[in-house]
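What follows is a set of notes on a single structure, which appears directly below.
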Amino acid sequence: RKKAVEARHKEQHAVPLTDKAKAKLRAHKKKKVSRNLYNLTVKAIEEFGMIQDGDKVLLGLSGGKDSLSLLHILMDLQKSKRIKFELGATTVDPQTTDYDPSPLIGYVKGLGIPYFYQSQGLIALAEEKSPTSICAWCSRMKRGILCQTAREAGYNRLALGQHLDDLAESFLMYAFHNGKLDTMKAVSYLSEGDLSIIRPLVFVREWITAKYANYHKLPIISENCPACFAEPKERRRVKSLLASQELLFPNLFNSLRATLLPIMHGQMAVKKISNALSQTNAKEHWLSQLQRVHDTSAPSGGSDPSQQDDEDEEGPQ
């Protein structure tokens with residue numbers, strides 16, 4: 001109560017900022033947010049070895065704040081020449097009147113990077129197929145189109161825009177509905193071995209991409225597919241749950257990030273611990289325990305939150 005009174009008193013007696021001071025303050029905040037997003041993204045890329053010299057990275061660009069922010073951060077990383085890689089982007093248009101990503105065509109063209117715009121009648125096809133969950137079905141179809149586009153254009157990395165909030169939500173959804181300790185991986189290798197899916201924003205909070213998009217005035221495309229709002233969204237409920245807990249425990253997402261780190265690594269974690277235990281007699285015992293945990297948490301026939309596209313994820317219902 002005392003802090004609230006002090007804050008109110010300070011606000012009432014504060015000297016109004018001039019336009020020049022406001023502009024300077026905004027520029028400072030913009031720079032700070034940009035640096036924060038860039039550093040966290042690069043940290044994840046290096047932690048998981050997501051991008052190596054000579055890689056060709058194709059970004060799945062939905063037009064939301066997350067994928068657009070990631071596009072610009074990857075362009076900044078490319079310009080820094082810290083890692084020498086090629087960058088392109090692709091968008092899947094499901095042909096619904098409530099979501100029109102076509103303005104991205106001119107925008108990405110102006111950025112000067114290769115762009116692949118795939119217009120597919122997914123909504124009409126979904127109405128014919130009548131899947132249990134249109135959102136989950138549409139997400140899988142879009143993921144398939146993204147992978148096919150990457151292969152045909154010669155890219156070996158498909159970058160998606162899921163962030164730390166998405167991974168935390170998927171973690172709880174797996175636990176609540178599937179009885180597993182799992183979440184989306186930072187790097188996923190497809191069975192064919194020619195393409196991997198990377199998520200460079202796994203250390204980034206959603207509010208950071210929101211602020212970055214706002215400060216940089218990115219041309220966000222609103223996605224308002226009616227199918228997405230026709231049924232309850234479990235991910236929204238879990239998001240609300242996490243938000244309420246974060247009010248009580250401000251350090252919540254730092255703790256969750258530490259908890260999720262071994263799961264983000266997937267099989268990589270087993271390999272790293274194997275190397276660490278190579279000189280101990282307990283190696284075989286602990287490796288068998290780790291493999292048992294991995295086998296238990298591996299996706300089975302149930303719903304899989306990791307098969308979601310950025311910003312339209314449903315997860316298990």
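Name the residues in region 155-173 that are of a type in the set (A, V, I, L, M, F, W, C) and within 21 Å of residue 88 (Cβ to Cβ), would you?
Within region 155-173, 158, 159, 160 meet the criteria.
Say whether the condition of being outside any helix (DSSP H, G or I), in contact with an Asp or Glu (Cβ under 7 Å, 6 or more places away or on another chain) and on the phi < 0 side of the Ramachandran plot is met by at least one residue in region 29-40.
No: region 29-40 contains no residue that is outside any helix (DSSP H, G or I), in contact with an Asp or Glu (Cβ under 7 Å, 6 or more places away or on another chain) and on the phi < 0 side of the Ramachandran plot.
Can you tell me which of 168, 175, 150, 136 is assigned to a helix (DSSP H, G or I), of a type in the set (A, V, I, L, M) and either over 30 Å from residue 262 (Cβ atoms) or touching a strand residue (DSSP E or B) at 6+ places or on another chain (Cβ under 8 Å) (or both)?
150
Evaluate the following for residue 209: is it of a type in the set (Ser, Thr, Tyr) and in contact with a Phe, Trp or Tyr (Cβ under 7 Å, 6 or more places away or on another chain)?
Against the criterion (of a type in the set (Ser, Thr, Tyr) and in contact with a Phe, Trp or Tyr (Cβ under 7 Å, 6 or more places away or on another chain)), residue 209 does not qualify.
One line per residue, one yes/no per condition, for (1) within 17 Å of the chain's Cα centre (by Cα); (2) among the polar types (S, T, N, Q); (3) within 20 Å of residue 46 (Cβ to Cβ):
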site	(1), (2), (3)
85	no, no, yes
102	no, yes, no
109	no, no, no
117	no, no, no
127	no, no, no
165	yes, no, no
170	yes, yes, no
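Among the residues of region 41-51, what is the count of those that are of a type outside the set (A, V, I, L, M), open to solvent by less than 30 Å² (accessible area, probe 1.4 Å) and part of a helix (DSSP H, G or I)?
The qualifying residues number 1.
So, of the residues in region 104-133 that are small (Gly, Ala, Ser) and either free of Cβ contacts under 8 Å to residues at least 12 places away in the same chain or touching a helix residue (DSSP H, G or I) at 6+ places or on another chain (Cβ under 7 Å) (or both), which turns out to be surrounded by the most Cβ atoms within 10 Å (Cβ to Cβ)?
My answer is 126.
Of the residues 242, 260, only one is at pLDDT 95 or above, open to solvent by less than 80 Å² (accessible area, probe 1.4 Å) and within 25 Å of residue 60 (Cα to Cα); which?
Result of the check over 242, 260: 260.
Can you tell me how many residues within region 66-103 are within 12 Å of residue 221 (Cα to Cα), in contact (Cβ under 8 Å) with a residue 60 or more places away in the chain and either touching a Leu at 6+ places or on another chain (Cβ under 7 Å) or outside any helix (DSSP H, G or I) (or both)?
The total comes to 7.
Failed condition for residue 24, given (1) part of a helix (DSSP H, G or I); (2) modelled with pLDDT of 95 or more; (3) of a type outside the set (A, V, I, L, M, F, W, C), with all others met?
Result: residue 24 passes all but (2).
Looking at residue 35, is it farther than 25 Å from residue 154 by Cα and open to solvent by 10 Å² or more (accessible area, probe 1.4 Å)?
In short, yes.
The values are calculated or read from the model by the stated rules, or taken from the named source; none is laboratory data. Please read these numbers as outputs of a predicted model, since none were measured by experiment. A quick note on method: Cβ atoms are made from the backbone with ideal geometry, for glycine too, and the neighbour counts reach across all protein chains shown. Remember, those area values only see protein heavy atoms, side chains included, never the ligands or the DNA or RNA. Shrake-Rupley method; radii C 1.70, N 1.55, O 1.52, S 1.80 Å.
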